[in-house]
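Scroll down for the structure; my scribbles are underneath it.
Please treat every number below as a calculation from the coordinates, not as lab data. It should be emphasised that the depicted structure is a prediction, and the values quoted were computed from it without experimental measurement. Every residue, glycine as well, gets a Cβ built from its backbone with ideal geometry; the counts of neighbours run over all protein chains shown.
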Amino acid sequence: HPAASACVIACFDDTGLDAVRCVGEMPVVGIGEAAFHMASLIAGKFSVVTTLSRSVPAIEHNLVRYGLASRCARVRASDVPVLELEVPGSNARHRISEEIERAIRDDRAEAIVLGCAGMADLAAALSREHGLPVLDGVACAVQLCESLVSLGLSTSKRGGYQVPLEKSFAGIFAPFSPSGRVS
């Protein structure tokens, strides 16, 4: 949106983050990257509690990419499908809480990063319950965006986040040309 001051990518594996940084003129922050950096500022070691085990490899890859893998004790799956978080009476919160207990006991985690935007409303209660910081990536990303905007900082267009060069579309892809340029 042209009037936006910043953009939050609200999927924990930061899907599309680099692409949006290339085309956006404003700061663009992913909730995964934001939460990892915030956790590294307040704890020597943190664990991530996410939804399904299929999410673990992407999160581990991002931790390496962001240079924070050594600060993460472990990425744990609670085996809670995202949509189950919205089902009244489900035991999703209980399963997430149990996984946090294991992270504290087995990983010796000093902070927990919730690995799904759908868990955002659980952070404060889980922090009180377990007696350590529990970070919600959505709140972390919004706060970082606000800080970047107030500092007058935006995504650099030097190097990797340059606006892509315009391309002509041909053949079956011609109808999808964003600029109307067809060869």
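Quick notes on this structure:
- Scope the stretch 62-110; condition within 16 Å of A43 (Cα to Cα) and polar (S, T, N, Q); matching residues: S70
- Any hit, the stretch 155-172, residues being buried (at least 17 other Cβ atoms within 10 Å of the Cβ), under 30 Å from G44 (Cα atoms) and of a type outside the set (K, R): yes
- Pair list, Cβ < 8 Å and 6+ apart or interchain, from the stretch 150-167 residues that are closer than 16 Å to P27 by Cβ to residues that are among the acidic types (D, E): S154/E25; T155/E25; G160/D18; Y161/D18
- Identity of the residue in the stretch 58-91, in a helix (DSSP H, G or I) and touching a strand residue (DSSP E or B) at 6+ places or on another chain (Cβ under 9 Å), that ends up farthest from F12 (Cα to Cα): R71
- Selection from the stretch 27-54 of residues that are part of a loop (DSSP other than H, G, I, E, B) and either out of contact with any strand residue (DSSP E or B) (no Cβ under 6 Å at 6 or more places or on another chain) or without any contact (Cβ under 8 Å) to a residue 24 or more places away in the chain (or both): P27, G44, T51
- Residues of the stretch 140-154 satisfying the condition of being polar (S, T, N, Q) and more than 18 Å from the chain's Cα centre (by Cα): S150, S154
- Selection count where residues are surrounded by fewer than 22 Cβ atoms within 10 Å (Cβ to Cβ) and touching a Pro at 6+ places or on another chain (Cβ under 9 Å), scope the stretch 22-54: 6
- Matching residues, the stretch 1-21, being assigned to a helix (DSSP H, G or I), loosely packed, with under 15 Cβ neighbours inside 10 Å and in contact with a helix residue (DSSP H, G or I) (Cβ under 9 Å, 6 or more places away or on another chain): D18
- The single condition from (1) more than 15 Å from the chain's Cα centre (by Cα); (2) surrounded by 18 or more Cβ atoms within 10 Å (Cβ to Cβ) that H94 fails is (2).
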